[in-house]
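What follows is a single structure, written as structure tokens, with notes after it.
The values are calculated or read from the model by the stated rules, or taken from the named source; none is laboratory data. Bear in mind that the values here come from a model prediction, so they are computed numbers and not experimental data. Don't worry about glycine lacking a Cβ; one is built from the backbone with ideal geometry, like all the others, and counts go over all protein chains shown. Each accessible area value is taken on the protein alone, full model and side chains, heavy atoms only, with ligands, DNA and RNA left out. Shrake-Rupley method; radii C 1.70, N 1.55, O 1.52, S 1.80 Å.
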Amino acid sequence: MKQDIYYTALCTYDSENKEGFSWNDYIDWSELKHLKELVSLDGNLNSLAFSLDLDAAEEWNYFITDHDMVMFYFSSLDYVLSKTDHLERFNLLAIIKEPGKEKANLNKDYNFIGYDLIEIGGNTSALTNCGGFDETFLPNDLNSYGLVSDYDSAKQIREALPINNPDEPHVNCYLYEVWRHKTIGAKTN
């Protein structure tokens, strides 16, 4: 079965972030000391790189929603590129919701960077923005982008989160396969 591919452009979050919740503050809080950059679908940590016009009817043709919430994912790569043509650095991502074990074939233009777990009906990553769930996974289970590299491990973490943390609001999650464009928006140095 062919999976839908969604696209998004998210702000980068790495050692160059010094304002607000700085990179150093985040690393101290999260205890993810091995990260070189956070490339998460979490809308609070890696916010959308462009502004949405929710009043423009034609833009609704591209929005992806979940439980009546507008997600930061879009059905058209051309739409995302039109919104980012003035931006220099951002993460252009291709994502697959609830992927199968066999990865999408996006290797020509994108690098596979891992799997994220995003709460159902929200935009919080259970992997990187919940303070940790040590009974389910440890910091070293995440790669240098804050994602899980292995499909089976990501599925196991997703299944265990609500069992081990029944009172936590962000543990019922969708699994996303995340790919980052090799050149568009990429850091050049």
Checklist entry - If the Cβ limit is 8 Å and pairs must be 6+ apart or interchain, which residue in segment 153-167 that is without any contact (Cβ under 8 Å) to a residue 40 or more places away in the chain and among the hydroxyl-bearing types (Ser, Thr, Tyr) pairs with which residue that is open to solvent by 50 Å² or more (accessible area, probe 1.4 Å) and assigned to a helix (DSSP H, G or I)? => result Ser153/Asp141
Next on the checklist: Only one of Thr136, Thr124, Thr128 is closer than 25 Å to Trp29 by Cα, touching a helix residue (DSSP H, G or I) at 6+ places or on another chain (Cβ under 6 Å) and at pLDDT below 95. Can you tell me which?
Outcome noted: Thr136
Checklist entry - Applying the selection to segment 15-65, what residues are in a loop (DSSP other than H, G, I, E, B), of a type outside the set (A, V, I, L, M, F, W, C) and crowded, with 17+ Cβ neighbours inside 10 Å? => result Asn17, Ser40, Asp42, Gly43, Asn46, Tyr62
Checklist entry - Do you know which of the residues in segment 96-121 that are exposed (fewer than 12 other Cβ atoms within 10 Å of the Cβ) and basic (Lys, Arg) is nearest to the chain's Cα centre (by Cα)? => result Lys101
Item to check | Output for segment 122-166, where each listed residue is assigned to a loop (DSSP other than H, G, I, E, B) and loosely packed, with under 15 Cβ neighbours inside 10 Å | outcome: Gly131, Asp134, Glu135, Leu138, Asp150, Pro166
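I'd like to check something: does segment 86-95 contain any residue that is touching a strand residue (DSSP E or B) at 6+ places or on another chain (Cβ under 9 Å), surrounded by fewer than 17 Cβ atoms within 10 Å (Cβ to Cβ) and in a loop (DSSP other than H, G, I, E, B)? Break it down into steps so the answer makes sense when it comes.
Filtering segment 86-95 for residues touching a strand residue (DSSP E or B) at 6+ places or on another chain (Cβ under 9 Å) gives 87, 90-95.
Then drop every residue that is not surrounded by fewer than 17 Cβ atoms within 10 Å (Cβ to Cβ), which leaves 87.
Still in the list and also in a loop (DSSP other than H, G, I, E, B): 87.
Within segment 86-95, one or more residues are touching a strand residue (DSSP E or B) at 6+ places or on another chain (Cβ under 9 Å), surrounded by fewer than 17 Cβ atoms within 10 Å (Cβ to Cβ) and in a loop (DSSP other than H, G, I, E, B).
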Checklist entry - If you go through segment 67-83, how many residues are open to solvent by 50 Å² or more (accessible area, probe 1.4 Å) and hydroxyl-bearing (Ser, Thr, Tyr)? => result 2
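Quick grid of which residues meet (1) touching a residue at least 12 places away in the same chain (Cβ under 8 Å); (2) of a type in the set (Gly, Ala, Ser):
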{"residue": "Ile5", "(1), (2)": "yes, no"}
{"residue": "Thr12", "(1), (2)": "yes, no"}
{"residue": "Lys18", "(1), (2)": "no, no"}
{"residue": "Ile27", "(1), (2)": "no, no"}
{"residue": "Ser30", "(1), (2)": "yes, yes"}
{"residue": "Ser47", "(1), (2)": "yes, yes"}
{"residue": "Met69", "(1), (2)": "yes, no"}
{"residue": "Phe74", "(1), (2)": "yes, no"}
{"residue": "Lys83", "(1), (2)": "yes, no"}
